[in-house]
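Since the structure comes first, as structure tokens, the remarks are kept for the end.
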């Protein structure tokens, strides 16, 4: 039988303190390695019962749980429990719920919450919409207490579907939820959940060629007449002015591909930032139209040039055209992608009202490379092309 002291000795030999959920997994593997029946020791089984007693209880108030805490309370004289201690209490209770009745360890290193929900979605236990609702509800929790309540409803579903979770990672995420680290946690969950995986090669296509081919962007596949079109655009508009990757209702519409390491860290890359901005612009541009406003080949220069031509026929005539040209000039001289996005947002309502389309593939590429130090000439090339498109369109015969 493996006891608490024998587990601790293994932990000490490893050279670092391990959390209870890590000890439990080691305990189960030790039984398998010794040729015994694969099951948890009496110590782990008894401790798991103690964890379930702590569900819904305040941290530090469950005597039976004290032996499984690994975060020290310290002796700083403060009445308030450390955030890490509270986060560990919450993680322990969730682990207790998840491990209950499971025959194998549910602590799976490397499986973040977003990945776990993606695996749950790919199973047959719940519909895609049901999984998304639960993940988004957790992601929009206002504080740690509310988040844990949502996770308490989600974890049993993972258990039923045989999906594990990295509880060490979850502990770290819960510890920063009420602080400045929440956005990175949200981005990691969203990126994990929307991971498109490796594309399947089509007929006649080599494996290596499939790697560079991802799912088409949302603005390419958007169907204006679909029943969900209005709700989808509203979800995307909610991301305006928000940090990319942190708006849970936008997650189902992201197509950004990213290395697993960056995805799990919640990295904010140029690709993700550009896609986020393009999605929010498209949503503002597309609303109220029954045809797709993504028009391949229509650069910002072409689109604003069409606005100028339309303005020339109005009562203000040349004055309106000159005003649009000045505004477009400000766009062309944008110092970075953030300023470029700001000017593009000011044009979106005008393009919407005039029904003028825009190439969002081109726009996304421009936003991604405008101030990329690895592409020092990218902005200059866009400026020249868009300026030429503007004047060509304005002077074209009607």
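The values are calculated or read from the model by the stated rules, or taken from the named source; none is laboratory data. Nothing here was measured: the structure is a model prediction, and the numbers come from that model. Note that each Cβ is placed from the backbone with ideal geometry, even for glycine, and that neighbours are counted across all protein chains shown.
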Original post:
How many residues does segment 160-171 contain that are in a helix (DSSP H, G or I) and under 14 Å from residue 134 (Cβ atoms)?
Top reply: 2
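Just checking, which of 115, 101, 93 is in a helix (DSSP H, G or I), more than 20 Å from residue 188 (Cα to Cα) and either touching a helix residue (DSSP H, G or I) at 6+ places or on another chain (Cβ under 7 Å) or touching a residue at least 12 places away in the same chain (Cβ under 8 Å) (or both)?
Going through 115, 101, 93 in turn, just one is in a helix (DSSP H, G or I), more than 20 Å from residue 188 (Cα to Cα) and either touching a helix residue (DSSP H, G or I) at 6+ places or on another chain (Cβ under 7 Å) or touching a residue at least 12 places away in the same chain (Cβ under 8 Å) (or both): 93.
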Original post:
Of all the helices (runs of 4 or more DSSP H) wholly in segment 203-258, which have at least 2 residues that are out of contact with any strand residue (DSSP E or B) (no Cβ under 6 Å at 6 or more places or on another chain) and at pLDDT below 95?
Top reply: 207-211
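Based on what the data block shows, is residue 174 within 25 Å of residue 261 (Cα to Cα), in contact with a strand residue (DSSP E or B) (Cβ under 7 Å, 6 or more places away or on another chain) and either modelled with pLDDT of 95 or more or not in a loop (DSSP other than H, G, I, E, B) (or both)?
Values: within 25 Å of residue 261 (Cα to Cα): yes; in contact with a strand residue (DSSP E or B) (Cβ under 7 Å, 6 or more places away or on another chain): no; either modelled with pLDDT of 95 or more or not in a loop (DSSP other than H, G, I, E, B) (or both): yes.
Spelling it out, it is not the case that residue 174 is within 25 Å of residue 261 (Cα to Cα), in contact with a strand residue (DSSP E or B) (Cβ under 7 Å, 6 or more places away or on another chain) and either modelled with pLDDT of 95 or more or not in a loop (DSSP other than H, G, I, E, B) (or both).
Could you look through segment 24-53, keep only residues that are outside any helix (DSSP H, G or I) and either out of contact with any helix residue (DSSP H, G or I) (no Cβ under 8 Å at 6 or more places or on another chain) or at pLDDT 95 or above (or both), and pick out the one that is surrounded by the fewest Cβ atoms within 10 Å (Cβ to Cβ)? Full working, then the answer.
As a first pass, look at segment 24-53 and keep what is outside any helix (DSSP H, G or I): 34-41.
Filter once more, keeping what is either out of contact with any helix residue (DSSP H, G or I) (no Cβ under 8 Å at 6 or more places or on another chain) or at pLDDT 95 or above (or both): 34-36.
Working: 34: 9, 35: 6, 36: 12.
Taking the candidates together, the pick is 35.
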Original post:
Any residue in segment 328-338 that is in contact (Cβ under 8 Å) with a residue 24 or more places away in the chain and under 20 Å from residue 237 (Cα atoms)?
Top reply: yes
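Among the listed residues 4, 9, identify the single one that is at pLDDT below 75, surrounded by 14 or more Cβ atoms within 10 Å (Cβ to Cβ) and either under 33 Å from the mean Cα position of the chain (by Cα) or farther than 22 Å from residue 177 by Cβ (or both). Show your work before the answer.
Details: 9 fails: surrounded by 14 or more Cβ atoms within 10 Å (Cβ to Cβ).
That would be 4, the only listed residue that is at pLDDT below 75, surrounded by 14 or more Cβ atoms within 10 Å (Cβ to Cβ) and either under 33 Å from the mean Cα position of the chain (by Cα) or farther than 22 Å from residue 177 by Cβ (or both).
Could you identify the single residue in 135, 165 that is crowded, with 20+ Cβ neighbours inside 10 Å, within 24 Å of residue 235 (Cβ to Cβ) and in contact (Cβ under 8 Å) with a residue 24 or more places away in the chain? Talk me through it step by step, then tell me what you get.
Details: 165 fails: within 24 Å of residue 235 (Cβ to Cβ).
From the options 135, 165, the qualifying one is 135.
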